[in-house]
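The values are calculated or read from the model by the stated rules, or taken from the named source; none is laboratory data. Because the structure is a prediction, the values reported are computed rather than measured. As a convention, Cβ positions derive from the backbone with ideal geometry for all residues, glycine included, and neighbour counts pool all protein chains shown.
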Amino acid sequence: MPQPETLAIDVVSDVVCPWCYVGKKRLEAALTLVPEIKTEVRWRPYQLDPTIPPEGVSRRAYMEKKFGSLDAIKPAHDRLNALGQELGIAFNFSGILISPNTLDAHRMIRWAFGNRQDAMVEALFRAFFVDAKNLADANVLTEIGVSAGFPREALTALLQSDEDKNTVRDEIAAAQNLGIQGVPFFIFGQKYAVSGAETAEHLASAIRQATAAPAA
């Protein structure tokens with residue numbers, strides 16, 4: 001009996017994007033709605049703000065500059081907090097002190113490609129949004145990576161190098177050249193795309209459509 005073909009699901013996201021964390025949880029729920037379909041989730045990089053310096057910037061000052069005031073972002077945070085309660089995410093926006101440059105975080109996700117990648121992505125999201133850890137700190141990143149199953153010595157050496165920095169930047173540029181201007185962005189089997197953290201039912205429908213569609 002032939003084995004079912006695996007559907008590749010590419011997720012373009014940034015680890016400091018709260019809607020991307022919501023999208024991850026909704027994708028997980030979507031996959032439980034289509035247990036008969038074999039899938040492989042592949043996480044692709046995107047940077048909401050690549051101009052942030054490597055050491056990061058004050059979160060408060062950054063948000064005030066971007067939105068005018070902290071009060072301006074409160075409605076969005078309230079909505080995300082409510083969604084988080086439904087999805088098992090205890091967002092801790094007030095605890096976040098540093099807005100980081102996420103290039104190194106994306107390098108870590110790339111190095112974890114395969115069966116460790118989902119754990120790495122989850123660990124980075126949780127560290128930033130729940131534990132309010134500083135993702136601009138290499139030591140913090142190392143601890144996060146180790147918690148996701150990455151060997152400490154190898155990860156430390158890689159983070160101290162320039163390994164894959166340009167590769168990640170090129171992949172982000174490629175996503176932008178495809179017209180991707182916001183995240184999360186889901187690509188199902190290179191056939192269907194969904195922009196935004198849509199519901200689990202919507203994502204499951206896209207998975208079914210991509211599976212049913214003839215090969216390009």
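A compact table of results
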read-out: Residue in the stretch 140-154 that is aliphatic (A, V, I, L, M) and within 18 Å of TRP19 (Cα to Cα) present; value: no
read-out: Output for the stretch 186-213, where each listed residue is surrounded by 14 or more Cβ atoms within 10 Å (Cβ to Cβ), touching a residue at least 60 places away in the same chain (Cβ under 8 Å) and either charged (D, E, K, R) or under 15 Å from GLU5 (Cβ atoms) (or both); value: PHE188, GLY189, GLU198, ILE207, ARG208, ALA210, THR211
read-out: Qualifying positions in the stretch 166-196 - in a helix (DSSP H, G or I), within 26 Å of ASP137 (Cβ to Cβ) and not β-branched (Val, Ile, Thr); value: ASN166, ARG169, ASP170, GLU171
read-out: Test: residue in the stretch 32-54 that is of a type in the set (Asp, Glu) and closer than 22 Å to TRP111 by Cβ; value: yes
read-out: Single unsatisfied condition, LEU178 versus (1) under 20 Å from ASP14 (Cα atoms); (2) at pLDDT 95 or above; (3) out of contact with any Lys or Arg (no Cβ under 8 Å at 6 or more places or on another chain); value: (2)
read-out: Spans of helices (runs of 4 or more DSSP H) in the stretch 80-165 with at least 2 residues under 16 Å from the mean Cα position of the chain (by Cα) and aliphatic (A, V, I, L, M); value: 103-111, 117-129, 138-147
